[in-house]
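Structure record follows, encoded as structure tokens.
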Amino acid sequence: MNFFKRAWLNLTAKKGRSVLLVLVTSAIMLFVLAGLLIRNAADTATTNAKNSVGATVTLSANREAAFKKMRSSTSTSKSSKPKLTTSPVKLSDATKIAKLSNVASYNATVSTSANATGFSAISTSSSTDTGMKGMGGSTSSGSGDIAITGVTTTSSVSTFESSSSKITKGRGITASDEGTNNVVIESELAKEDSLSVGDTIKLKGTTGDKKTYTMKIVGVYKASSSASTQQGPGSTDVSNSVYTSYTFANTVKGSKYKNTADSVTFEISDPAKVSAVKTSGNKLISTSKYSLTTDDSSYQTVKSSMDNVKSFADKIVWLVAIAGTIILALIVILMIRERRYEIGVLLSLGESRWKIVAQFFMEMVMVLIVSVVLAGFGGKFVGNKLGDQLVSQQTTTATTSTTSTSQGQPGGTGGGGAPSGNTGGSKPSGNMPSGRGQGQIGSTSTNATAKTDLDINVTVMDLVELGGFGLAIMFLSIMLASGGILRLQPKKVLID
Amino acid sequence: MLKVNDLGYWYDRQENSLFEHVNLEFKSGNSYAIVGQSGSGKTTFLSLLAGLDKPRAGQIEMNGEPINKIGLTNYRKSKVAIVFQSYNLLTYMSPLDNLMTAMAITKSEHRGDKEFAIKMLRQLGLTDDQMKKNVQRLSGGQQQRVAIARTMVCDAKLVVADEPTGNLDEENTKYVIEQFQKIAHEQKKCVIIVTHEPDVAAACDHSYRLEKHQFVEET
Ligand SMILES: Nc1ncnc2c1ncn2[C@@H]1O[C@H](COP(=O)(O)OP(=O)(O)O)[C@@H](O)[C@H]1O
Ligand SMILES: [Mg+2]
């Protein structure tokens, strides 16, 4: 270990040069560390996104197959009017799928409408007279001025999940509301008609037996302001959307809709398992009648933005590492030139060449240790600045790219409004006129979750990883420069 | 102990060889001077004896074994100690550390023995203060004493020196010559000194002149 002592003596004797080496190495290490930190933070953020950002699989009527059937019947019998026949989803199918692994919970959605009786719906310029097609099945339902969204729980409706809709008074619809006439109304409607939690309203069905139902208000919610801007032609105002238990919506639609739903949305606990759930779910249902569509766009948004950050961080690490190796190799080459005399003395004493190389390596390792500690102090700062910059850039681009594609998702309420036939919600829905106002509410997606902050922290593991990188850089530079040592003729010392 | 057999050397772009068919023998307990005109090839010859270069022709034997068989690095490590005109100390160390380092590299029987190194430095007239400060802050004469002390703490039985007094004043020259004679006569080592100074040559037991590509003993 004599070369170890020589390395130490050399560094302490030539303080100025050692300080300079430490500064250069610290700068290189700082950038490598910043890259490593961002990469690790992006990893953590992706893992967190997996746990916090929801992904769903939706069971609904297979409209694509239904359209195909309709078209084929059109071509064979040109005389008869084509008819789109879709079947409502059976809840017994839903419970089977709910038992699959990775399915956390499910939410049935039934859309229908009714007329306000004894209170007034909010009227809009586009009014309510457009003939709208019912979504729930073969019978076209007449349109009421109040849009009813029957759900299992409001809390798992995507607009509530993303907080674009919020319960402001009372409570939302829960599983315990099954079989009741409890209702949650929008705050504007409540204000207009001076309604509050505990009051009752009357709704008259537009289809089936056209009965009048007495509803008990259990909660008031506030719809997002942006939802109203997404109104399609012929829809009612968002404020006329009410939430009830799916059982009530089925009752309004008629007795044959008992134990069915327009669609059932399953919350998947691990977004990465979405397609696996879809595959096993398809085995449980009749795929000619029903289809399963997946939506993990929020997760994908976060994942792709974090993947971008990660690959950028990787590039930083490699670029800096390569540049650092070149810079350090040049420094070491110059240093070795300047130290030929010393190398000659050592060679004349009979020191082996590899031990001289080892001495230079040791010197650089000592410099490295100091530099890693210094970089550790500065790394958090640089990493934070760089990470913030990257995340804001990446999420902006990622969000813009997903808003255009995420509309295809059934979104919990949009039953028929969204083209559930396409897979994965990846095809843009275009501006297909939606049957119901609430279909649009449902499809305001969950882009808010895409903004993910990087949590930049310097851990001991980071420093160890940095040290490993530094060692590799030092080793490479010394190897590149050591040609000079290995070639040097010991006789040169004597002759010069 | 050191035998030179039919030795020859020339540089690549030289018309004539510096020396050829050289046969010499150097014995332990003796001091030898090698003199000759500047540029005649004395340093080149010494570099071959020191194992710093390979001969073009012939071979060198150390106690009957060819030095290329011992391996030049190995030979330099354990068989020969070299003193240079420009001292060739490790400039970032104190005299004491220079000795300790040389003892460690050459695996001297005294390696790690600080007291022994201090004793040697004292013998060569260095104060305790001088032996602990950086060698570059010593005078040329003091640095050459450190270089000589370095040969004394190592086990090598052959000591070669190239113009060891070239940078020294008269007083230091005299002192250094005395030390080399002591190394030869008291430590029973073989000392070979290249010099152009008649005083130095005269102090040695034998003297060879390199002239017309041959070594001729002077009497
Ligand atoms: N590396 C070399 N390449 C070519 N010629 C050299 C080299 N080293 C020395 N010489 C030449 O060889 C001759 C002998 O040099 P040297 O052994 O140093 O002589 P001395 O020590 O007797 O002055 C000189 O003419 C010198 O110029
Ligand atoms: Mg010379």
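The values are calculated or read from the model by the stated rules, or taken from the named source; none is laboratory data. Here the structure is a predicted model, which means the values were calculated and not measured. No Cβ is skipped: glycine too gets one built from the backbone with ideal geometry, and neighbour counts run over all protein chains shown. When the accessible area is computed, the model is the full protein with side chains, heavy atoms only, and any ligands, DNA or RNA have been set aside. Shrake-Rupley method; radii C 1.70, N 1.55, O 1.52, S 1.80 Å.
Would you list which aspartates and glutamates come within 12 Å of A:LYS310, measuring only between C-alpha atoms, while excluding same-chain residues fewer than 8 positions from it?
Cross-link targets: A:ASP43.
Can you pull the accessible area of B:HIS213 for me, 1.4 Å probe, Å² to the nearest 10?
Here the residue's solvent-accessible area equals roughly 80 Å².
Is there a simple number for the mean count of other chain Cβ atoms within 10 Å of the Cβ of residues in A:343-356, and what is it?
On the way: counts 0, 3, 10, 5, 4, 11, 16, 19, 8, 4, 1, 0, 1, 0.
Mean shielding count: 6.
What length, rounded to one decimal in nm, is gained on full extension from B:ARG122 through to B:GLU178, with 0.36 nm per residue of separation minus their alpha-carbon distance?
18.6 nm
Within a 10 angstrom radius of each residue's Cβ in A:191-200, how many Cβ atoms of other chains show up on average? Whole number is fine.
0
With n ≥ 4 as the cut-off for DSSP H runs, can you work out [θ] at 222 nm for chain B, using -39500 (n - 2.57) per run divided by the number of residues, rounded to the nearest 500?
So the calculated ellipticity at 222 nm is -10000 deg cm²/dmol.
Among the lysines, which have Cα under 26 Å from the Cα of A:LYS166 when same-chain residues fewer than 8 positions away are ignored?
Those lysines meeting the cut-off are A:LYS50, A:LYS191, A:LYS202, A:LYS216, A:LYS222, A:LYS451.
May I ask you to give the percent of accessible area on the range B:32-85 that is carbon plus sulfur, with a probe radius of 1.4 Å?
Answer for the range B:32-85 is 38 percent, counting heavy atoms of protein chains only.
Could you check the spin-label model distance between A:ASP209 and A:LYS15? Points 7 Å from the Cα along Cα→Cβ, value in nm.
For A:ASP209 paired with A:LYS15, the spin-label model returns 9.9 nm.
For A:TRP8 and A:LEU330, calculate 0.36 nm times their separation in residues minus their Cα-Cα distance, and state this gained length in nm to one decimal.
Extra length from A:TRP8 to A:LEU330 when fully extended: 113.8 nm.
Just read off the accessible area of A:SER176 with the full protein assembly in place, 1.4 Å probe, to the nearest 10 Å².
90
What distance in nm lies between label points placed 7 Å from Cα along the C-beta direction at A:SER105 and A:LEU319?
Rounded to a tenth, the inter-label distance reads 4.5 nm.
Under a 1.4 angstrom probe, counting protein chains only, how are A:TYR341, A:TYR243 ranked by accessible area, largest first?
Solvent-accessible surface, decreasing: A:TYR341, A:TYR243.
Summed for both chains, how many Å² of accessible area, to the nearest 100, are buried between B and A with a 1.4 Å probe?
Buried area between the two chains comes out at roughly 2300 Å².
Taking 0.36 nm per residue of separation and subtracting the Cα-Cα distance, what length does fully extending A:LEU480 through A:LYS96 add? Don't jump to the answer; show the numbers that get you there.
Values: separation 384, 0.36 × 384 = 138.24 nm, distance 6.47 nm.
Extra length available between A:LEU480 and A:LYS96 comes to 131.8 nm.
Sorted by accessible area (1.4 Å probe), largest first, how do B:ASP6, B:ASP97 line up?
I get B:ASP6, B:ASP97, largest accessible area first.
B:ARG56 to A:LYS492: FRET efficiency via 1/(1 + (r/R0)^6), r the Cβ-Cβ distance, R0 22 Å, to the nearest 0.05?
0.75
Put a dot 7 Å past each Cα toward the Cβ at B:ASP155 and B:ALA202; how far apart are the dots in nm?
Here the answer is 3.9 nm between the modelled labels.
Please compute, for peptide B:78-86, the average count of beta-carbon atoms on other protein chains lying within 10 Å of each residue's beta-carbon.
3
Output the pairs from A:LYS5/B:LYS27; B:LYS42/B:LYS107; B:LYS79/B:LYS174 with a Cα-Cα distance over 31 Å in this structure; if there are none, say none.
Too far apart for the 31 Å limit: A:LYS5/B:LYS27.
With a ≥ b ≥ c the root eigenvalues of the C-alpha gyration tensor of chain B, is it rounded (a/c under 1.5), prolate (a/b larger than b/c) or oblate?
Numbers: a/c = 1.88, a/b = 1.52, b/c = 1.24.
It comes out prolate by the Cα gyration axes.
At 1.4 Å probe size, what's the solvent-accessible area of A:VAL110? Round to the nearest 10 Å².
0
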